[in-house]
Each structure stands twice: as C-alpha cells, then as structure tokens.
Amino acid sequence: MGGDLYALDFDGVLCDSCGESSLSAVKAAKIRWPSLFDGVDSSLEEWIVDQMHTLRPVVETGYENLLLVRLLLELQMPSIRKSSVADGLTVEAILNNWSQLKPIIMKEWNEDRDALIDLFGRVRDDWMQNDLSGWISANRFYPGVADALRFASSQVYIVTTKQMFPFLFKFQSRFADALLRELAGVTIPSERIYGLGTGPKVEVLKKLQAMPEHDSLTLHFVEDRLATLKNVIKEPALDRWNLYLGRWGYNTEKERKEAQSISRIHMLDLPDFSKKLK
Ligand SMILES: [Mg+2]
C-alpha cells in the first residue's frame, strides 16, 4: 500500500480565472455604474483588466473585483472621484492596504455587499448561458498542469471555495467538468471535487483524512492563499498534512516571504508541482 493523496485548490493552483473574473467585473461595473463609463475608451478598459492581475491576490470574494474596477477608474479619472481615498492612490498601495480601503469605499459609494454579490453572480451566469465557449476560453490552466493531472499516479481531490463553483453547481456542476475537460482534457469524478457548500477547507481536509481508504496515504495540500494554510496549521487534527504554497498563484511577494518563515509550509514552484503529481 502507501502512495500519495493530493488535495488541490482550484483557482490559483490549477486554473487561472483572473481573465474571466476581471472581464466579468467590468461587465458588472458597467451595469451598476453606467455613467462612470462615459468617456472610458478601450485602452483604459484594457489597463484596468491588466491591473486586475496585479491586484488579484487581495480578492477574497468575487464581488471585490467590482470594487477594484471602480477604484481603478477613480485613480485614472479624477472627475468621477467619489471616495476620499483615490487622491494620490497607487495600484501598489491598493495591493498593500485593501482590507482598510474596502470598508471606506463601500461606505462612501453607498454600496451593499449582498447586492454586489448578486449582480456579479448574475453577470457571470448570463455570460455562461449566452456564450459558454467564450466564458471557458477566458479561463486557462497553468502550463503543465493539464498533463500533470492527466498522468497523475497520486489520488487527486479538488478542494475549493471558489466563487465559480456556486453557479457551476447551479448548472448541475457539469460546467466544472466542462472547464476541466475542455481546457485540461481531464475528467475528475464529481465525488472528488469539493466546492462551495461542502464546508470550509479545513473541514474537507478532516473528512478526507478520516476516510479509511486513505489511512496508508501520505497527505498533501497545495494552496495559493497563505491565510488558508495558516488556518490548517491552527488545527492540530490536521498535523498529518504536508502543506505547500504555490508561488505561481494569487499571492504577493510579502506573503511568500512570510510563508518561507513558517516551517510547516513548503514553497512550491510550478514545474515541481507538476512533477510531484506524476
Ligand atoms: Mg486559490
């Protein structure tokens, strides 16, 4: 017996959906604040989508993408500024101070979290329903990951709280399969995908290690979000897990530095990740 079990985060480890979420956010922002986009040309829009890649590590929940789009617009267009923070603000400063900036702009823009979550979800749903192939192609798997999954000799589970999954499951989860199949050429049985609604990641990891068939396996958890790994470390019951932070995902230089100082966390590069799965 023996062997390895890999629990893998989806977004930021296997799949880069930043293009999709940024474009969805711009679509949603145009619906929510149409007048702000008067005089916004395609090059400014491209600049915004570009900056969204830099800012992706701060996004915890999808609707925050919408806030970032508007804040970036305020950065570039002083005439539409309604927040007190935009003056002199830089992309770098947003990256470093997002948790402080977010409540301020929410209040000053008079926005409601639930309404924005709802709008963001609807815009993505519409995109998927009207143009599924366009939606799929706005996502990409990281280089080498598709092959690594296809030829993996380890047991692979996907553990994600990704925003994508609530509405994927609304469509009977066949779109999760669609992304994996269309983009990666991989079929992962649905019972091996733990998405939103299956509980926090720490609970999923406990469930996986409690399965008798996993008793003799070495357990590995690969994640791109440092805060999530720290939550796992806090749980003594999860001491069996080897923990990895994927450098290629949505984390900042500062977070990678911090992770390096935590002995429980192994830093992982993309080529080594692919090799490990095989
Ligand atoms: Mg992730």
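The values are calculated or read from the model by the stated rules, or taken from the named source; none is laboratory data. Just so it is clear, the structure is predicted and the values come from calculations on it, not from any experiment. Please note: Cβ atoms are built from the backbone with ideal geometry, for glycine as well, and neighbour counts cover all protein chains shown.
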task = Run residue 61 past the list (1) surrounded by 14 or more Cβ atoms within 10 Å (Cβ to Cβ); (2) under 22 Å from residue 179 (Cβ atoms); (3) within 16 Å of the ligand (Cβ to nearest atom) and report the number of the one that doesn't hold.
result = (1)
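Rundown of residues vs (1) in contact with a Phe, Trp or Tyr (Cβ under 9 Å, 6 or more places away or on another chain); (2) at pLDDT 95 or above; (3) closer than 24 Å to residue 194 by Cβ; (4) buried (at least 21 other Cβ atoms within 10 Å of the Cβ), yes/no style:
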site: 11; (1), (2), (3), (4): yes, no, yes, yes
site: 14; (1), (2), (3), (4): yes, no, yes, yes
site: 28; (1), (2), (3), (4): yes, yes, no, yes
site: 101; (1), (2), (3), (4): no, yes, no, no
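Considering each of 126, 131, 112, 147 in turn, give the residue that is at pLDDT below 95, surrounded by fewer than 17 Cβ atoms within 10 Å (Cβ to Cβ) and under 23 Å from residue 73 (Cβ atoms). It would help to see each step written out before you state the result.
Numbers: 131 fails: under 23 Å from residue 73 (Cβ atoms); 112 fails: at pLDDT below 95; 147 fails: under 23 Å from residue 73 (Cβ atoms).
Exactly one residue qualifies, and that residue is 126.
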query = On the given criteria, is residue 73 more than 27 Å from residue 228 (Cα to Cα), modelled with pLDDT of 95 or more and outside the structural domain of residue 11 (by TED's automatic domain parsing)?
reply = yes
task = Quickly run through the range 227-252 and pick out the residues that are farther than 22 Å from residue 140 by Cβ, within 12 Å of the ligand (Cβ to nearest atom) and touching a strand residue (DSSP E or B) at 6+ places or on another chain (Cβ under 6 Å).
result = 229
query = residue 22 versus (1) within 16 Å of the ligand (Cβ to nearest atom); (2) touching a residue at least 60 places away in the same chain (Cβ under 8 Å): which is the lone unmet condition?
reply = (2)
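Looking at 223, 255 in this structure, which one is in contact with a Leu (Cβ under 8 Å, 6 or more places away or on another chain), within 13 Å of the ligand (Cβ to nearest atom) and over 16 Å from residue 6 (Cβ atoms)?
Result of the check over 223, 255: 255.
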ask   = If only one of 216, 190 is within 23 Å of residue 138 (Cα to Cα) and of a type in the set (S, T, N, Q), which one is it?
value = 190
request  = Report, ordered by the first and then the second residue, all pairs with beta carbons closer than 6 Å, sequence separation of six or more or different chains, a first member in the range 216-232 that is closer than 19 Å to residue 145 by Cα, and a second member that is within 12 Å of the ligand (Cβ to nearest atom) and in a helix (DSSP H, G or I).
outcome  = 223/229
The range 1-19, subset under 11 Å from the mean Cα position of the chain (by Cα) and hydrophobic (A, V, I, L, M, F, W, C), residue farthest from the ligand (Cβ to nearest atom) = 18
task = Check off (1) under 29 Å from residue 254 (Cβ atoms); (2) more than 16 Å from the ligand (Cβ to nearest atom); (3) modelled with pLDDT under 95 for residue 39 and give me the number that stays unchecked.
result = (1)
